[in-house]
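Scroll down for the structure; my scribbles are underneath it.
Please treat every number below as a calculation from the coordinates, not as lab data. All values derive from a computational prediction rather than experimental measurement. Neighbour counts are summed over all protein chains in view; Cβ atoms, including those assigned to glycine, are modelled from backbone coordinates with ideal geometry.
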């Protein structure tokens with residue numbers, strides 16, 4: 001009886017109640033299996049997406065510089081995968097030959113598989129089984145791939161400006177610290193923007209910005225924490241090479257994408273539960289939405 005009373009008291013605390021609902025939702029909506037599905041499609045879609053980015057932005061930037069910036073961006077967000085991606089991207093770029101509009105379209109078509117899996121995972125978190133028609137869903141997934149390209153372009157531009165400021169201007173140490181902090185903040189805000197867009201526009205239901213941003217912020221913070229811990233784990237404790245040999249880089253990439261996908265789904269589940277609680281509270285108070 002005392003345990004039940006204690007549980008009831010704890011559930012009256014809004015944050016704890018929300019955490020419990022999120023945990024139950026993750027279990028009910030098969031979050032681990034959904035994350036595994038996203039990771040599988042992400043592995044298949046990684047090279048088409050990266051090659052599509054190189055093809056599109058290669059019209060504006062030298063291919064070698066673009067590859068370096070792209071690998072730098074990947075290195076910051078996919079721990080342990082830089083060497084593996086560098087070797088394969090350089091090899092594939094050398095063999096691919098001229099890339100036309102049709103080829104670029106096919107590259108993004110191939111990359112859309114990952115975004116289709118993301119679409120299903122987030123809608124499952126929202127307890128929404130209603131799917132889009134094939135051509136609508138595919139167009140939506142390709143739009144997400146193109147949106148990723150635009151966000152990457154912003155990230156590339158910000159990184160280029162920061163690098164230019166370091167090289168051209170003789171900045172004092174104190175200002176260098178500020179510039180570095182600005183670089184990290186920019187990366188954080190871009191990641192936050194990605195989660196905001198995912199949680200706002202992917203669910204096949206009406207969503208509101210005021211209910212979306214807490215989940216997006218949570219996912220962004222968890223992603224940054226997980227990335228730091230994963231890098232530390234790889235440097236200090238893990239020995240994937242000993243266990244997996246020549247495919248160690250692929251396993252590292254797969255594990256990290258799985259962790260990232262789970263964080264994304266956790267954020268979506270949190271957003272759904274938070275939105276449901278707030279909408280219920282607003283309806284009970286006669287506020288309408």
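What to note about this one:
- Rounded if a/c under 1.5, otherwise prolate or oblate - segment 224-267, Cα gyration tensor axes: oblate
- Packing-based exposure ordering (other Cβ within 10 Å, fewest first) of 230, 115, 188: 188, 230, 115
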